[in-house]
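Step one of this worksheet: look at the structure below.
The values are calculated or read from the model by the stated rules, or taken from the named source; none is laboratory data. Please read these numbers as outputs of a predicted model, since none were measured by experiment. Positions of Cβ are generated from backbone atoms using ideal geometry, with glycine treated the same way; all protein chains shown enter the neighbour counts. The area values use the complete protein model at the heavy-atom level, side chains included, leaving out ligands, DNA and RNA. Shrake-Rupley method; radii C 1.70, N 1.55, O 1.52, S 1.80 Å.
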Amino acid sequence: MLRTPDSRFADLPGWPYPTQYAQPLGVDGPRMAYVDAGPRGAPVTALCLHGNPAWGYLYRHMLPVFTAAGLRVVVPDLIGFGRSDKPENDAWHQFGTHRQSLLTFIDQLDLRNVMLVCQDWGGIFGLTLPMAAPQRFTRLLVMNTTLATGETSPGFKAWRDYSNSQPDLAVGKLIKRGKRDVPDAEAAGYDAPFPDASYKAALRAFPNLVPEGVDAPGAATSRAAQAFWQRDWQGQSFMAIGAQDPVLGLPTMDALRAHIRGCPPPMVVAEGGHFVQEWGGPIATAALAHFGLSAA
């Protein structure tokens, strides 16, 4: 396990939050870093799950909106990302391992009345969680993601091929490619977790973890989750879509919405890309208004 030096996270713009740590895979397992902001006794908890190759910093525009409305906001870094520990071996990363780490994390913090906020792998994993603990989840804010049921699109395959050709993926440049006006200091925040390529095993592994074929690891779990959202989901939902996402954009999200019981028409961010949280302030405001949780 590698551990990024704390000094690399000093003075990140827009990220003044102290870091806490859990060990959801046991005392000998890797540390999972997380931010826990807002009142612990808040009536609603926003659980914000990032994807690849980002980390909790992706939610820096949404977190203040949620806390201003009185929510508790919990933002974990997936193992291998952000301030969490980073296995050196690409093969450590498995669909079931990451999913279990999140389920146990939620239990350890005893999160209740959860608004699941998810995008990319945050949704691929996150959308499979409520069926395991439906009593904990009451709301869904879903952005540019999918359920990985075993089918892969040509757009995803192109991304996977590109990722596999980049063993030392430049994360900040990737973010700025999607939103050119991200300040350089904030783009550098996305590179902070990774001093060199040895820290990027998760970035290399994740595109190859997407289930391809009905028998691939995670596919059956994702199909069960799809059935849950379609038949059994009792909560409120809000969808926001970055329309410029070439892989998980409008067609993919429209298909996902058809499987989420009661999900209203989406908020479409016309200029938004895959990392739509970079446009996250207005999305968070609109979602809270939809849920009746707006700040007074």
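The charge dipole of region 45-171, taken about its Cα centre with unit charges on the Cβ of Lys, Arg, Asp and Glu (plus for the first two, minus for the last two), comes to roughly 460 debye. The sum of -39500 (n - 2.57) across all DSSP H runs of n ≥ 4, divided by the residue count of the chain, sets its helix-only mean residue ellipticity at 222 nm to -8500 deg cm²/dmol. What fraction of the DSSP beta bridges in region 1-82 is antiparallel, stated in percent and rounded to the nearest 5? Restricted to region 1-82, the bridges split so that about 70 percent are antiparallel. As a ratio to 2.2 N^0.38 Å, the alpha-carbon radius of gyration computed for region 60-123 takes the value 1.27. Taking a ≥ b ≥ c as the square roots of the Cα gyration tensor eigenvalues, with a/c under 1.5 meaning rounded and otherwise prolate when a/b beats b/c, else oblate, which class fits the chain? Taking the square roots of the gyration eigenvalues as a ≥ b ≥ c, the chain is rounded.
Averaging over all projection directions, the Cα-based convex hull of region 14-119 occupies 6.6 nm² in the image plane.
When all protein chains stay in place and ligands, DNA and RNA are ignored, the 1.4 Å accessible-area order of Ser153, Ser222, largest first, is Ser153, Ser222.
How many angstrom separate the Cα center of region 233-296 from the Cα center of region 109-149? After rounding, the separation between the Cα centres reads 13 Å. Restricting the GluC sites (Glu not before Pro) of region 119-216 to loop positions (DSSP other than H, G, I, E, B) with no more than 10 neighbouring Cβ atoms within 10 Å leaves nothing.
Per residue, region 80-174 exposes 35 Å² of accessible surface when a 1.4 Å probe is rolled over the protein heavy atoms with every protein chain present. Which net charge results for the neighbourhood of Arg223, defined as the other residues with beta-carbon distances under 12 angstrom from its beta-carbon, given Lys and Arg at +1 and Asp and Glu at -1? Net local charge, Arg223 excluded: -2.
For region 167-291, the square roots of the Cα gyration tensor eigenvalues, ordered a ≥ b ≥ c, give a/c of at least 1.5 with a/b no greater than b/c, which places it in the oblate category. Counting only trypsin sites (Lys or Arg not before Pro) that sit in a DSSP loop (anything but H, G, I, E, B) with at most 14 other Cβ atoms within 10 Å, what is the longest stretch of the chain containing none of them? It runs 41-179.
At full extension, Ser294 and Ala255 could sit 11.2 nm farther apart than now, given 0.36 nm per residue minus the alpha carbon distance. From a point 7 Å beyond the Cα of Arg177 in the direction of its Cβ, which residues of region 42-57 have a backbone N at a distance under 19 Å? Residues 51-55 fall inside that zone.
At an R0 of 35 angstrom, the distance between the Cβ atoms of Arg8 and Arg231 translates into a FRET efficiency of 0.20. When DSSP beta bridges are restricted to pairs lying wholly in the chain, around 25% turn out antiparallel. Ordered from highest to lowest accessible area with the whole protein assembly present and a 1.4 Å probe, Asp245, Asp184, Asp110 read as Asp184, Asp110, Asp245. If you take the Cα centroid of region 1-31 and the Cα centroid of region 46-70, the two points sit 16 Å apart. Looking at the square roots a ≥ b ≥ c of the eigenvalues of the Cα gyration tensor of region 90-146, which shape do they give, rounded for a/c under 1.5, prolate if a/b is larger than b/c, or oblate? Note, shape of region 90-146 comes out oblate. Efficiency by 1/(1 + (r/R0)^6): what FRET value for Ala243 and Thr97, r their Cβ-Cβ distance, R0 = 30 Å, to the nearest 0.05? The pair Ala243/Thr97 has a calculated efficiency of 0.35.
For region 71-154, carbon and sulfur atoms together expose 43% of the accessible surface, with a 1.4 angstrom probe and every protein chain in place.
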